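Following: one structure in structure tokens, then a few remarks.
The values are calculated or read from the model by the stated rules, or taken from the named source; none is laboratory data. Just so you know, these numbers come straight off a predicted model, no measurement behind them. Virtual Cβ from ideal backbone geometry, glycine too; neighbours counted across all protein chains shown.
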Amino acid sequence: MKKDCAYAAADLVKDGQILGLGTGSTTHYFIEKVGMRVRDEGIEVMGIPTSFQSSLLARKWNIQITSLDEHEIDLAVDGADEIDPNFNLIKGGGAAHTLEKIVDYSAKELVIIADDSKLVDVLGAFPLPVEIIPSSLNPVTKALEDMGGEVKIRMGKAKDGPVITDNANFILDVAFGKIENPISMEKELNTIPGLVENGLFTEMVDRVIIGSKDGVKFL
Ligand code: 5RP
């Protein structure tokens, strides 16, 4: 289902476009299919990756890499951890949401691709990822707890150290329960000193493409 929606998004890409390349297992298929179109159809595109992971994959598929210093993004395609009926998102399951937000926000068009398990009525079952400056761990944790969050630092797979982001920061996963007002919460969270960026993405999505057992749906 992830592959189906990602391949459908890749078919929207036009020759000459500058692409924002999201991060995760769904966008992996998007980058792969764009790479196939570069190879098989000879389309010329450039990509602005949102992580080292996406950058390496794009290079593997001979997608030229550029940056926001040089180009504006025509179309960004990214995944999500939760999507509400107003297309507000929780992102950051892959610890890449800070750069994803910069890239997605600056794109002329933002398309989100996901399997149908990501559709929710209200955001919040998925703990909200926030990226923080490591030395701010204690005060940021306290501020998030004061807002009603249950805070866990994200540990690496071996559990012997925290996940370190591409920006050399930590990730906190914060369970707030139902997030009834994601638009104001996104702004409020970013006022905490030491908190670099939170995983709420509100009012920026143009289109959602969902993979489901019944096929691909364009919302
Ligand atoms: C990375 C993200 C991902 O887009 C999100 O976690 C979805 O990942 P996947 O496509 O693997 O389900 O926000 O920071």
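Based on this model, can you work out whether GLU109 counts as acidic (Asp, Glu), assigned by TED's automatic domain parsing to the domain that holds MET46, within 11 Å of the ligand (Cβ to nearest atom) and closer than 25 Å to LEU75 by Cβ?
Taking the combined requirement at face value, the residue does not satisfy it.
Given the structure, is GLU197 modelled with pLDDT of 95 or more, surrounded by 17 or more Cβ atoms within 10 Å (Cβ to Cβ), in contact with an Asp or Glu (Cβ under 8 Å, 6 or more places away or on another chain) and among the acidic types (Asp, Glu)?
Against the criterion (modelled with pLDDT of 95 or more, surrounded by 17 or more Cβ atoms within 10 Å (Cβ to Cβ), in contact with an Asp or Glu (Cβ under 8 Å, 6 or more places away or on another chain) and among the acidic types (Asp, Glu)), GLU197 qualifies.
Select from the range 187-211 the residues that are assigned to a strand (DSSP E or B), more than 15 Å from the chain's Cα centre (by Cα) and within 23 Å of GLU109 (Cα to Cα) and list them in ascending order.
The answer is ILE210, GLY211.
Conditions: (1) within 13 Å of the ligand (Cβ to nearest atom); (2) free of Cβ contacts under 8 Å to residues at least 12 places away in the same chain. GLY24 meets all but one. Number of the miss?
(2) is the only condition that GLY24 fails.
Within the range 76-98, how many residues are aliphatic (A, V, I, L, M), touching a helix residue (DSSP H, G or I) at 6+ places or on another chain (Cβ under 9 Å) and farther than 24 Å from GLU180 by Cβ?
3
In the range 70-87, how many residues are surrounded by 17 or more Cβ atoms within 10 Å (Cβ to Cβ) and either near the ligand (Cβ under 9 Å from one of its atoms) or closer than 22 Å to LEU12 by Cα (or both)?
11
Report, by residue number, each residue of the range 39-60 that is in contact with a strand residue (DSSP E or B) (Cβ under 9 Å, 6 or more places away or on another chain) and not in a strand (DSSP E or B).
The answer is GLU44, VAL45, THR50, SER51, SER54, SER55, LEU56, LEU57, ALA58, ARG59.
Quick one: in the range 52-69, of everything that is surrounded by fewer than 24 Cβ atoms within 10 Å (Cβ to Cβ) and small (Gly, Ala, Ser), which residue is nearest to the ligand (Cβ to nearest atom)?
SER55
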